[in-house]
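What follows is one structure encoded as structure tokens, with my remarks underneath.
The values are calculated or read from the model by the stated rules, or taken from the named source; none is laboratory data. Values in this document were obtained by computation on a predicted structure and should not be read as measured data. We place every Cβ from the backbone using ideal geometry, glycine too, and count neighbours over all the protein chains shown.
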Amino acid sequence: MPSFFTKTIASIPRTALFCGVLSGLAASAQAGIPIQHWTQANGVEVYLVESPAIPMVDVLLEFDGGSRRDPKGQAGLAAATADMIGLGVKQSAAGPAMDENQLGEAWADLGAAFSASASSDRLSFALRSLTDPAQWAPALALAARELNESSLSAPIWQREQERLQAALKEADTQPGTVAAKAFGRAVYGDHPYGQMPSVASLQAIHVSDMQVYLQRTLNPCQTTVTVVGALNRAQTEAAVQHLTQGLVSPSAPGSALNGASHCAAHALPAVPDVAPLKAAQTLRIPFDSAQAHVLLGQPGIRRSDPDYFPLLVGNYILGGGGFVSRLTQAVREDRGLSYSVYSGFAPGLHEGAFTLGLQTRPDQADQALGVAREVLRQYLAEGPTEAELQAAKDNLVGGFPLRIDNNRKLLENVANMARHHLPLDYLDTWTEHIQRVTVAEVRAAMARHLQPERMVTVLVGAQP
């Protein structure tokens, strides 16, 4: 299971790259990847891609419970709870209590894996197993126990809390962490995306907070399950029912579930938008480091923004295409100021940051930043050339098969569709969306969403 520290720091900032059923809700893509989608009677949405060639299955359960819903003063609650999920289950009718070592041995014996993680937007549980009944049935039962019967032991949390605090303190000795935290706070302000786990916020989290968090989050009305592998629809329905039967519905005691309409009446409170920046801000943070870390950016876009594809293509040309980007040419190739320089959008349920980043010698930081700013200014003013646009399209379209060349990658792509309510033919039409992007669309989209005169600039370890 990824550590709390790894998951948390990787998301700071959100900076740069996934019972019966209600009648009438089943659907499937008509061409390409056959994605089936339906809503079960308890409100759980299911996405299935049958892939029978290999007797394996990947299952991803996701809940609206990422760090954007961490209470104020308790940043890190979602990620800490995800870490604690796999550290023991309590005794129940399903079996005896098991500690983390026993759970690890049980999963190893099954040749299967189960993990929990928290991102900015979601709390996720991933299960991978062979589909032979001798492995699949016990793996499914054990996953259901971890999901529904986690022990959340106070002594274990005390141990983990101390370990995680030490990890955070160690991370704060690294210039990249210092830069990322400062950038996130400045870009997101009071928005939950800007909440950073700290020693103080970890100390404010108790097992009782985790229990309340799970009671609120593990709710069938805010659950999507994505399945890719050697299961048919009937087998998938049975598996999802087994995994989610212990989830608590928001319905009043004794009331009947009423599927999607019932869930709509019990939606979680809306999280506010990320506020746009009102003015430019430059943060120079002294740090004794061999390399200065430079970040420049602002709030970007939601994944639902109609400019997503023009910005994807446009950013590939600017700084997302590695050695073929404008930033790499100007900063690295022409002037030798940095080994790598990049830019990227991080669209989520809210406006994830646009980030331009580089590392360079401390005495060259301001020069490298100046060159990067000029590349950005010129690109926004003129847009890409037709040749640059075609090259970017060719690279993106040519690389698309690598995005879905195994079940796990396909799982993440379909889960991304579920998170953002994308159409079932999204993967089938992805290359068409890329091919339709024009120079004018790129220029207009970049100009709409990027304002260099109001961006945050963070320099850590740069010489004054």
Could you run through segment 39-63 and say how many residues are aliphatic (A, V, I, L, M), surrounded by fewer than 23 Cβ atoms within 10 Å (Cβ to Cβ) and not in a loop (DSSP other than H, G, I, E, B)?
1
Among the residues of segment 374-383, is any crowded, with 20+ Cβ neighbours inside 10 Å, under 17 Å from PRO452 (Cα atoms), of a type outside the set (Lys, Arg) and in contact with an Asp or Glu (Cβ under 7 Å, 6 or more places away or on another chain)?
no
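A quick yes/no check of all residues on (1) polar (S, T, N, Q); (2) assigned by TED's automatic domain parsing to the domain that holds TYR379; (3) outside any strand (DSSP E or B); (4) in contact with a strand residue (DSSP E or B) (Cβ under 8 Å, 6 or more places away or on another chain):
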{"site": "ASP288", "(1), (2), (3), (4)": "no, yes, yes, no"}
{"site": "HIS293", "(1), (2), (3), (4)": "no, yes, no, yes"}
{"site": "GLN298", "(1), (2), (3), (4)": "yes, yes, no, yes"}
{"site": "SER304", "(1), (2), (3), (4)": "yes, yes, yes, no"}
{"site": "PRO310", "(1), (2), (3), (4)": "no, yes, yes, no"}
{"site": "VAL313", "(1), (2), (3), (4)": "no, yes, yes, no"}
{"site": "TYR316", "(1), (2), (3), (4)": "no, yes, yes, no"}
{"site": "GLY319", "(1), (2), (3), (4)": "no, yes, yes, yes"}
{"site": "PHE323", "(1), (2), (3), (4)": "no, yes, yes, no"}
All-but-one check, LEU424 against (1) surrounded by 14 or more Cβ atoms within 10 Å (Cβ to Cβ); (2) within 16 Å of GLU382 (Cβ to Cβ); (3) not acidic (Asp, Glu), failing number (2)
For segment 158-177, check the following and say yes or no: at least one residue is within 30 Å of ALA108 (Cα to Cα), in the same structural domain as ASN101 (by TED's automatic domain parsing), in contact with a Ser or Thr (Cβ under 6 Å, 6 or more places away or on another chain) and acidic (Asp, Glu).
no
Picked from segment 106-138 (must be charged (D, E, K, R) and more than 27 Å from the chain's Cα centre (by Cα)), the residue surrounded by the fewest Cβ atoms within 10 Å (Cβ to Cβ) is ASP109
Consider segment 149-162. How many of its residues are of a type in the set (D, E, K, R) and under 24 Å from the mean Cα position of the chain (by Cα)?
1
Restricting segment 407-464 to residues that are small (Gly, Ala, Ser) and not in a loop (DSSP other than H, G, I, E, B), the residue that is farthest from the chain's Cα centre (by Cα):
ALA440
Being at pLDDT below 95 and at positive phi is true for just one of GLY76, GLY65, GLY43, GLY111. Which residue is that?
GLY43
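Just to be sure, is GLU333 under 22 Å from the mean Cα position of the chain (by Cα) and of a type in the set (D, E, K, R)?
Details: under 22 Å from the mean Cα position of the chain (by Cα): no; of a type in the set (D, E, K, R): yes.
Judged against the criteria, GLU333 is not a match.
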